[in-house]
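Chemist: Attaching a single structure in structure tokens format; questions to follow.
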Amino acid sequence: MIDTSNSSSTSKTIETVSGITVRLCGDSGDGMQLLGTQLTNTSALAGNDVATFPDFPAEIRAPRGTRAGVSGFQVQFASREIFTPGDTLDALVVMNPAAMVTNLSDLRKGGILIANEDGFNDKEYKLAKVESNPLDADVIEQSYRVVRVAMTKLTREAVSEFGLSTKFADRCKNFFAMGLVYWLFGRSLDPTLRFIEEKFSKKPDIMNANIAALRAGWAFGETTEVFGESYQVEAAKLAPGTYRNIMGNQALAWGLIAASSVSKKEMFYGTYPITPASDILHELTRFKNFGVRTFQAEDEIAAIGATIGAAFGGSMAVTASSGPGIALKGEAMGLGIMLELPMIIINVQRGGPSTGLPTKTEQSDLLQAMYGRNGEAPMPILAPRSPGDCFDMAVEAWRIAVECMVPVMVLSDGYIANGSEPWKIPDVADLPEISCTHPAGGESEEPFLPYSRNENLARPWAVPGTPDLMHRLGGLEKEDGTGNVSYDPDNHQHMVDTRAAKVAKIAERIPDQDVFGNTSGDILVISWGGTYGACLTAVARCRDAGHDVSHAHIRYMNPMPANIGELLGSFRTILVPELNSGQLRMLLRAEYLVDCIGINKIQGKPFAVSELVDEITHHATTRRQDASARRTAKVG
Amino acid sequence: MNLPVLKAADFASDQDVRWCPGCGDYSILAQMKKVLPELGYPREKTVFISGIGCSSRFPYYMNTYGMHSIHGRAPTFATGLKSTRPELMVWVITGDGDALSIGGNHFIHCLRRNLDINIVLFNNRIYGLTKGQYSPTSVEGQVTKSTPMGAIDHPLSPLSVALAAEATFVARSIDAHVKHLGQTLKAAAEHKGTSLVEVYQNCNVFNDGAMAYAQEKKQRAENVVELEHGKPLIFGAQSDKGIRLTGNQLEVVNTADVPADDLLIHDAQAPNPAIQMMLARMRYPEMPEPIGVLRSVKGVTTYDDQINEQVTAAKAKQGDGDLNALFHSGDTWQVA
């Protein structure tokens, strides 16, 4: 056990606040993501509600000290329920000048700026392309509470007894920064001490040095005169239950494992590494004891090809990628639709087009998901709204895939994939039942009809190895019933109609759209995917301000819930915030013939709550006069 | 248990075969139907997967499970199926365009993984289904619809590609040489690991006679050397010619002129594929072209075995997955 007797109580004044938003920034090799993850876990364990926003460059080690190389991790922890990682920062920790100049604009006036003073020197100014020390500007001292800490020097002193080289000693400085942040916000060191002990168990010198650095950071906060007080955030009042912190991609992986388990189908996961989807592979491949077989293919097409092959064989088959990879999978997805086999295709969206912004978030693949295949190739699409919701949507995707014998797409995005939140652990007994059945041979004198259909329009999932049911699948148009190749015009019409009807019928098997606020009124904000938290928070604030605004967040993108049309007709103004140029708006207009006003942002960043509040307020206070109201607002 | 004895006809599906009359594909289909009963494997555990092209219609004509997939990707579907259902006997049917152009990537990766499947590559050196464009195995200078002034690409040899991809079983046969074709398909089926069989197949519509030197009985003896493991390389209607390795070159010699010991003895089981690669590179008309099993190496792990062994090992070590334990692993906290 670790002695924590000196690490849990402070002799200084403690101010209780309802929430803190802090961002930790440094070079991409400075360990900021680790620091952020630890702070998140520690805060979650303290009972806070937490929401995170990791933001890092696409390069693994972008040129050191440059603005392009800055890696950041933002976390909000609060004693109330929160849905976003926060708009403006209460505290900003910067390890070098580049980190400071690229992030300072988000720090609120009067906020705390903690700078690693040792990272501020002439060489670093040059790399960050600043004339002189940005900390010395008068406006900085006037606007913020600046705390300069010689972190490198203090860390070296703290770890000197372990005889590490300077290089390794300096690597401990993120733990020093962590210790200081923990002191400032009254966090326990214990979870991170446990983490260090586990991670570095085979390297005792590094382990002890990191522990020493962490404690030194904490002690610095306690003894320095620059901090008169520390802050405390009480536990949040979440629904009763057992919680853990979970990231979006992790929740997706666990949802898939849960779906595999409840459907008694071992999982095959075929994929090709791509940001930001690769973490699903890393997570799944750890769980071979759940019968998970992961296949790192030679390319995106091989990944989905193998997935379809596994589906043919009767496995739970899953593939995942991001936009560019999904583009490559287009033809094979069409085959999956023709074969009418169950499988899950996950798209963790990122900034596009082409390679775009691999590490940044965007919602610009909705139309690709809807229409990005040759021919008439409809596919059910689900979109999780938060990291934890990825779990439920993964299970739901498999339920629909199996019940309707159809490939299902899950549209996640980089923001929820890398973000995390407290997740109420479900009772395994409460997970939905998913029943997979395969026809057995020898049941009938009649010839087997692989394209006969049940009430869901689903065909039988007959798998190789079953006597008497031998049949041939393929991408040529199928004759209904027999599945034989058919060029008959009427049959083609019938099959196109049937595949569409099968997907449309899923609307009967999904819940109605729920609404936060009222089911009719002045303004309906309608959103989807990872913007849930920002939209909900913005609508709640506007309602508090007295505006007649409600919020519907769609998780079933295709088909949409049956009551969406009615809902859209019950409000005078429909606002559609999206991190794209208006893709859901286009679908809503096309399908329901209602006008919708877009709130659109494509900067690789999530919505700030404040920008949505401004837009909603604008519409709530401006009477619509003419068609000019149809404009698309650009924010940010 | 008494398994029903199957005949070739039992492997025929009820679909009309729609290849052009005179196509070499018919012969391959007939040999496949003949060989499968000899293997004694149940029809329902046999799966044919193809890509796109004339040859890829093959699965429709077999009364087994089958999938006519997308262009060039058949090995990928086979990979997912065989990895999850290793008890199935999986055949990939492909062509020169399907396997070597659009599907080149999957072809080499399937071979290097040594997935336990059989790939039959119908090589007619032309695109048939798209009506007569040159293929990656078309000879230089070949005039086709898309190369009116002659093809300027250098052709690929499927055998060389397969050997370079570390294939464990590499063979070649000829549509018209039916007995040899049947034996080769059987040897491929019996090999554990990825088996590649290139079959010279005549496209009598778009590339008729392109490989007549090997297909026609009269010419074959002079232009083709049949490989047999452990036997010297001898060919010719009178068995009067042989292949000798001199330095790092293969050369044709008259058997009458050299001691019998000088002839190259075929070693299909040599782990080092260097000499097999030299054989694969023998091209008509400079050299006779080899048919038979160039390479057949045992004991290399297969992808399907290993992916399943890892699952078995993980279950043995960690126990069967427990969802509740997973959910509660690591740090959790209670909210009352």
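Chemist: Could you check A:ALA429 against (1) without any contact (Cβ under 8 Å) to a residue 24 or more places away in the chain; (2) part of a loop (DSSP other than H, G, I, E, B); (3) within 13 Å of chain B (Cβ to nearest Cβ); (4) not hydroxyl-bearing (Ser, Thr, Tyr) and say which number it fails?
Modeler: (2)
Chemist: How about region B:224-266: which strands (runs of 3 or more DSSP E) wholly inside it have at least 2 residues that are free of Cβ contacts under 8 Å to residues at least 24 places away in the same chain?
Modeler: Where strands (runs of 3 or more DSSP E) fall fully within region B:224-266 and carry at least 2 residues being free of Cβ contacts under 8 Å to residues at least 24 places away in the same chain, they are B:241-246, B:249-254.
Chemist: Another question about this same structure. From the list A:ARG293, A:ARG350, which residue is charged (D, E, K, R) and more than 14 Å from chain B (Cβ to nearest Cβ)?
Modeler: Step by step, each of A:ARG293, A:ARG350 is checked, and only A:ARG350 is charged (D, E, K, R) and more than 14 Å from chain B (Cβ to nearest Cβ).
Chemist: Sticking with this one: Would you kindly identify the helices (runs of 4 or more DSSP H) lying entirely within region A:97-179 that contain at least 2 residues that are of a type in the set (A, V, I, L, M) and out of contact with any Cys (no Cβ under 8 Å at 6 or more places or on another chain)?
Modeler: Filter on region A:97-179 gives A:97-103, A:138-143, A:151-159.
Chemist: Could you please find all residues in region A:401-440 being under 24 Å from A:THR466 (Cβ atoms), crowded, with 24+ Cβ neighbours inside 10 Å and hydrophobic (A, V, I, L, M, F, W, C)?
Modeler: Within region A:401-440, A:ALA401, A:VAL406 qualify.
Chemist: I'd like the full set of residues that are in contact with a helix residue (DSSP H, G or I) (Cβ under 7 Å, 6 or more places away or on another chain) and aliphatic (A, V, I, L, M), limited to region B:75-102.
Modeler: Correct list: B:ALA78, B:LEU81, B:LEU88, B:MET89, B:VAL90, B:VAL92, B:ILE93, B:ALA99, B:LEU100.
Chemist: Now a separate question. In contact with a Pro (Cβ under 9 Å, 6 or more places away or on another chain) and not in a strand (DSSP E or B): which single residue out of A:GLY72, A:GLY29, A:GLY65, A:GLY86 fits that description?
Modeler: Only one candidate passes the filter, namely A:GLY65.
Chemist: In region B:169-204, how many residues are in contact with a Leu (Cβ under 8 Å, 6 or more places away or on another chain) and either under 22 Å from B:ARG283 (Cα atoms) or without any contact (Cβ under 8 Å) to a residue 24 or more places away in the chain (or both)?
Modeler: 11
Chemist: For region A:515-523, indicate whether the set of residues that are outside the structural domain of A:SER610 (by TED's automatic domain parsing), closer than 29 Å to B:GLY51 by Cβ and in a loop (DSSP other than H, G, I, E, B) is non-empty.
Modeler: No, there is no match, as no residue in region A:515-523 is outside the structural domain of A:SER610 (by TED's automatic domain parsing), closer than 29 Å to B:GLY51 by Cβ and in a loop (DSSP other than H, G, I, E, B).
Chemist: Just checking: which of the helices (runs of 4 or more DSSP H) contained wholly in region B:19-131 hold 2 or more residues that are away from every other protein chain (no Cβ under 13 Å) and touching a Phe, Trp or Tyr at 6+ places or on another chain (Cβ under 7 Å)?
Modeler: Hits in region B:19-131: B:25-39.
Chemist: Scan region B:310-324 and give yes if some residue there is surrounded by 12 or more Cβ atoms within 10 Å (Cβ to Cβ), in a strand (DSSP E or B) and of a type outside the set (Gly, Ala, Ser), otherwise no.
Modeler: no
Chemist: So which of B:PRO42, B:PRO59 ends up being closer than 24 Å to B:LEU6 by Cβ, crowded, with 23+ Cβ neighbours inside 10 Å and out of contact with any helix residue (DSSP H, G or I) (no Cβ under 8 Å at 6 or more places or on another chain)?
Modeler: Just a single option satisfies the conditions, and that option is B:PRO59.
Chemist: Which of (1) buried (at least 21 other Cβ atoms within 10 Å of the Cβ); (2) small (Gly, Ala, Ser); (3) within 22 Å of A:THR88 (Cβ to Cβ) is the odd one out, the single condition A:GLY598 does not satisfy?
Modeler: Here A:GLY598 clears every test but (3).
Chemist: May I pose another question? Quick one: is B:VAL92 in contact (Cβ under 8 Å) with a residue 60 or more places away in the chain and closer than 23 Å to B:GLN183 by Cα?
Modeler: no
Chemist: Looking at A:GLY521, A:GLY529, A:GLY533, A:GLY546, which is the one that is under 26 Å from A:PRO606 (Cα atoms), among the small types (Gly, Ala, Ser) and more than 24 Å from the chain's Cα centre (by Cα)?
Modeler: Of A:GLY521, A:GLY529, A:GLY533, A:GLY546, the one residue that is under 26 Å from A:PRO606 (Cα atoms), among the small types (Gly, Ala, Ser) and more than 24 Å from the chain's Cα centre (by Cα) is A:GLY546.
Chemist: Then there's this: Return yes when A:LYS478 is basic (Lys, Arg) and surrounded by fewer than 19 Cβ atoms within 10 Å (Cβ to Cβ) and no when it is not.
Modeler: It is false that A:LYS478 is basic (Lys, Arg) and surrounded by fewer than 19 Cβ atoms within 10 Å (Cβ to Cβ).
Chemist: From (1) touching a helix residue (DSSP H, G or I) at 6+ places or on another chain (Cβ under 8 Å); (2) more than 8 Å from every other protein chain (Cβ to nearest Cβ); (3) more than 18 Å from B:PHE327 (Cβ to Cβ), pick out the condition that doesn't hold for A:VAL262.
Modeler: (3)
Chemist: A further question on this structure: Test B:ASN272 against the stated conditions and say whether it is among the polar types (S, T, N, Q), outside any strand (DSSP E or B) and surrounded by fewer than 14 Cβ atoms within 10 Å (Cβ to Cβ).
Modeler: In short, yes.
Chemist: In region A:450-485, what residues are of a type in the set (Ser, Thr, Tyr) and out of contact with any Ser or Thr (no Cβ under 8 Å at 6 or more places or on another chain)?
Modeler: Listed by number, the residues that qualify are A:SER452, A:THR466, A:THR482.
Chemist: Looking at (1) over 16 Å from B:ASP96 (Cβ atoms); (2) touching a residue at least 12 places away in the same chain (Cβ under 8 Å), which is the one condition that is false for B:SER157?
Modeler: (1)
Chemist: I'm trying to understand the selection: among the residues of region A:470-486, which are at the interface with chain B (Cβ under 7 Å from one of its Cβ atoms) and either over 22 Å from B:VAL90 (Cβ atoms) or among the polar types (S, T, N, Q) (or both)?
Modeler: If the condition is that a residue be at the interface with chain B (Cβ under 7 Å from one of its Cβ atoms) and either over 22 Å from B:VAL90 (Cβ atoms) or among the polar types (S, T, N, Q) (or both), then A:ASN484 is the only one that fits.
Chemist: When the residues of region A:238-257 are filtered to those that are outside any strand (DSSP E or B) and more than 8 Å from every other protein chain (Cβ to nearest Cβ), which remaining residue is surrounded by the fewest Cβ atoms within 10 Å (Cβ to Cβ)?
Modeler: Top of the filtered list is A:GLN250.
Chemist: Then there's this: Under 7 Å between Cβ atoms, at least 6 apart or on separate chains: pull out the pairs that start in region A:188-203 with a residue that is within 13 Å of B:GLY330 (Cβ to Cβ) and within 12 Å of chain B (Cβ to nearest Cβ) and end on any residue that is at pLDDT below 95 and in a loop (DSSP other than H, G, I, E, B).
Modeler: What qualifies is A:PRO191/B:ASP331.
Chemist: What residue, of A:GLU229, A:GLU222, A:GLU197, A:GLU234, is touching an Asp or Glu at 6+ places or on another chain (Cβ under 9 Å) and either among the aromatic types (Phe, Trp, Tyr) or farther than 29 Å from A:VAL292 by Cα (or both)?
Modeler: A:GLU229
The values are calculated or read from the model by the stated rules, or taken from the named source; none is laboratory data. As the structure is a prediction and not an experimental result, all values here were calculated from the model. For neighbour counting, all protein chains shown are included, and Cβ atoms are generated from backbone atoms with ideal geometry for every residue, glycine included.
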